[in-house]
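Below is one structure; the comments refer to it alone.
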2 protein chains.
Amino acid sequence: MAGSELTNLRSPRVKAARRLTKRAFREQDRKFLAEGPQAVREALRLDGVTLELFATAEAEQRHSEIVGEAAARGLPVHRVSGEVMAELSQTVTPQGLLAVCGLVHVPLEEALPAEPRLVAVLAHVRDPGNAGTVLRTADAAGADAVVFTDASVDPYNGKCVRASAGSLFHLPVAIGVPVSEAVRHLRRQGLRVLAADGAGKHTLDDVDLSGPTAWIFGNEAWGLPEEVLAEADDVVRVPIYGQAESLNLATAAAVCLYSSARARRHP
Amino acid sequence: MAGSELTNLRSPRVKAARRLTKRAFREQDRKFLAEGPQAVREALRLDGVTLELFATAEAEQRHSEIVGEAAARGLPVHRVSGEVMAELSQTVTPQGLLAVCGLVHVPLEEALPAEPRLVAVLAHVRDPGNAGTVLRTADAAGADAVVFTDASVDPYNGKCVRASAGSLFHLPVAIGVPVSEAVRHLRRQGLRVLAADGAGKHTLDDVDLSGPTAWIFGNEAWGLPEEVLAEADDVVRVPIYGQAESLNLATAAAVCLYSSARARRHP
């Protein structure tokens, strides 16, 4: 624990962390920010991921077990003023705890176990909150991995990290993969590749989901492009039983992923 | 169509609409705002709900069928400047179309059909975006009605209306009902009342959902209070197959509502 409190917004340490709110600098420095006690706790569970911690005096007290764990591992813990935390934080009401982490994604080839059963692919998801929510849901549904294609949002975006609620640290994530490459690889690994799209011929009620499945999810507004639909083994829609035109992307993904997870357990 | 464009932010008409962004005035005036082409289109499908329309010149052209429909019904359509629309709008990028509507909720007793099959109850949902998403999902899952208890957010909140994507106009919504009153009424109508909570003894995999079901959803952060859990016929959790601590509220609601909807069709 550093004895004195960092109060200078212009200190090199604060500026070095602050620049990680921008994607270009995250890629250059190979680091990102994980904010809030939940994300920091989950980051600390992985060896070598957390590089340093920023904490306000108040958060240090409230989350003493987290800060203590970081200190016990020999990680630098910087006590910062509320003003400095506000500068680093990307939330309206910062929770006083923020970790600088090394990137956690892995190459697609290393993301999957020998016999994968469930994988989520975010093909054109642009909203970081939606992407993080799908990542969290995939984790909850027991997915083996999540793939962010090259046309999707950066999973290290602060909003995505936050919405993932720690799940970014729970399961293998591959990023920047062209969608057709992802489809080919997943199919080679024995997964049936299903595109989730409102234009699907089949509904979730018509398909057998008890086998190994990869789900591809598209854009919030316009779904998946033709070429992705053409590459999938099947295009499947969530049935709409009422008058709604469609479902929110993260909601539709939840229904699909849990349908697969449960069909596999109760075929 | 009014010939001239409203440009004065202080005009009585603009001020009368603008005050509807506040709950107290919505309740006093018995009106609310529905923003964007999707919400306005759905509002217009209901007789007598839309009271007047504000549209920018650009939106009037782009959504001529909606504006034409309003005009054909004899509704006042006010052409407004972009600046006036920005004053009325609650979004960062206004879509140029906004309706003043009369409240659409009904008493709980009138919300349910003779033999209800699926009802969603929002018991302590505070985030309007989440509430609107659950409303949209309930609509998609074919729910008969949605109940907002007295401890939940106002469904006429702009963010909730927007997240509902028109569903506020699709199915009966009851508001301001104490949760125990809602539970009693739903049970009298033949529904089994299930509380969705991470602390549930049973998981979705263990319960038979083929019968008529009412789901109670709680708060984003702390779930449902003890007294609600005690009043329900059963407390059910969505199984977590991976490492995630929990699911996002709207996501969990989607999994529950669709499990019921599908179990009823494929028992």
_Taking θ = phi - 60°, what integer Hz values does the Karplus form 6.51 cos²θ - 1.76 cosθ + 1.60 yield along the range A:93-100, in sequence order, with x for Gly and Pro?_
10, x, 9, x, 9, 8, 10, 8
*Can you bin the range A:108-265 into rounded, prolate or oblate? Criterion: square roots of the alpha carbon gyration tensor eigenvalues sorted a ≥ b ≥ c, rounded for a/c under 1.5, prolate for a/b above b/c, oblate for the rest.*
rounded
*Considering amide H positions built from the backbone, and no H for Pro or chain starts, which residues 5 or more places from residue B:51, or on another chain, come under 5 Å of its amide H?*
B:100, B:101, B:102
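Counting only DSSP beta bridges with both residues in the range B:108-265, what percent are antiparallel, rounded to the nearest 5? Don't jump to the answer; show the numbers that get you there.
Numbers: 1 of 23 bridges.
Within the range B:108-265, antiparallel bridges account for around 5 percent of the total.
How much length is gained on full extension from residue A:72 to residue A:114, taking 0.36 nm per residue of separation minus their Cα-Cα distance? Don't jump to the answer; show the numbers that get you there.
Working: separation 42, 0.36 × 42 = 15.12 nm, distance 3.55 nm.
Taking residue A:72 through residue A:114 to full extension adds about 11.6 nm, to one decimal.
Can you give the extra length, in nm with one decimal, that the chain gains between residue A:266 and residue A:57 once fully stretched, where that is 0.36 nm per residue apart less the Cα-Cα distance?
Fully extending the segment from residue A:266 to residue A:57 adds 70.3 nm.
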*asked:* Can you report the principal axis dimensions of the protein assembly as shown using only the alpha carbons, biggest first, rounded to whole angstrom?
replied: 70, 57, 51
*At q = 0.08 Å⁻¹, what is the base-10 log of I(q)/I(0) for chain B according to the Debye formula with one equal point scatterer per Cα and no solvent? Please give it to two decimals.*
-0.36
*Using modelled amide H (1.01 Å from N, peptide plane; none on Pro or chain starts), what sits under 5 Å from the amide H of residue B:121, excluding residues fewer than 5 places away?*
B:147, B:215, B:216, B:217
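Quick one: which of A:159/A:201; A:31/A:159; A:159/B:22; A:22/B:159 span more than 22 angstrom between C-alpha atoms? If you can, show how the numbers build up before the last one.
Details: A:159/A:201 34 Å; A:31/A:159 16 Å; A:159/B:22 28 Å; A:22/B:159 28 Å.
Beyond 22 Å between Cα atoms: A:159/A:201; A:159/B:22; A:22/B:159.
State whether the range A:12-102 is rounded, prolate or oblate according to the following rule on the C-alpha gyration tensor (a ≥ b ≥ c being the square roots of its eigenvalues): a/c under 1.5 gives rounded; otherwise a/b larger than b/c gives prolate, and the remaining case gives oblate.
Values: a/c = 1.71, a/b = 1.16, b/c = 1.48.
Oblate shape, in that a/c is at least 1.5 and b/c is the bigger or equal ratio.
For the range B:1-92, which GluC sites (Glu not before Pro) are both in a DSSP coil and crowded by at most 11 other Cβ atoms within 10 Å? Spell out each step's value before the answer.
Numbers: sites: B:5, B:27, B:35, B:42, B:52, B:58, B:60, B:65, B:69, B:83, B:87; in loops: B:5.
Here no loop site has a sparse enough neighbourhood.
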*asked:* With just the Cα atoms defining each centre, how far is the range A:205-248 from the range A:144-201? Give it in Å.
replied: 14 Å
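Across peptide B:231-240, what mean number of C-beta atoms from other chains lies inside 10 Å of a residue's C-beta? Can you show the working numbers first?
On the way: counts 0, 0, 0, 0, 0, 0, 0, 6, 7, 5.
Across B:231-240, the average partner-chain Cβ count within 10 Å equals 2.
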*the range A:1-114: antiparallel DSSP beta bridges as a percent of all, rounded to 5*: 70 percent
*Read phi for every residue in the range A:253-260 and hand back ³J(HN,Hα) as whole Hz from Karplus 6.51 cos²θ - 1.76 cosθ + 1.60, θ = phi - 60°, with x for Gly and Pro.*
4, 4, 5, 5, 5, 6, 4, 5
_With θ taken as phi - 60° and the coefficients 6.51, -1.76 and 1.60, list the Karplus ³J(HN,Hα) couplings across the range A:215-226 in order, rounded to whole Hz; mark glycine and proline as x._
9, 9, 10, x, 7, 4, 8, 10, x, 10, x, 3
_Under-5 Å amide H pairs with residue A:203, H placed in peptide plane, nonlocal only_ = A:237
*Point-to-point label distance, residue B:49-residue A:227, nm (Cα→Cβ direction, 7 Å offset)*: 4.1 nm
*Rounded, prolate or oblate: which one fits the range B:1-48, using the alpha carbon gyration tensor with axes a ≥ b ≥ c (rounded when a/c is under 1.5, else prolate when a/b beats b/c, else oblate)?*
oblate
*Take each of the peptides A:138-145, A:250-257, average the number of other beta-carbon atoms within 10 Å over its residues, and list them starting from the highest.*
A:250-257, A:138-145
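For residue A:181 and residue A:91, FRET efficiency with R0 = 60 Å and r from the beta-carbon atoms, rounded to 0.05? Could you put the intermediate results ahead of the total?
On the way: r = 35 Å, r/R0 = 0.58.
That pair, residue A:91 with residue A:181, gives E of 0.95.
How high is the relative contact order of the range B:12-102? Use alpha-carbon pairs under 8 Å, at least six apart in sequence, and give a whole percent.
Numbers: 134 pairs, mean separation 38.2, N = 91.
Over the range B:12-102, the number comes to 42 percent.
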*asked:* Please compute, for peptide A:127-138, the average count of beta-carbon atoms on other protein chains lying within 10 Å of each residue's beta-carbon.
replied: 2
_Shielding by partners - mean other protein chain Cβ count within 10 Å, residues of A:254-266_ = 5
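Read-outs: derived from the displayed coordinates by stated rules, not from any lab. Note that the structure is a prediction, hence the values are computed from the model and not measured. So basically every Cβ, Gly included, is an ideal-geometry build from the backbone, and we count neighbours across all protein chains shown.
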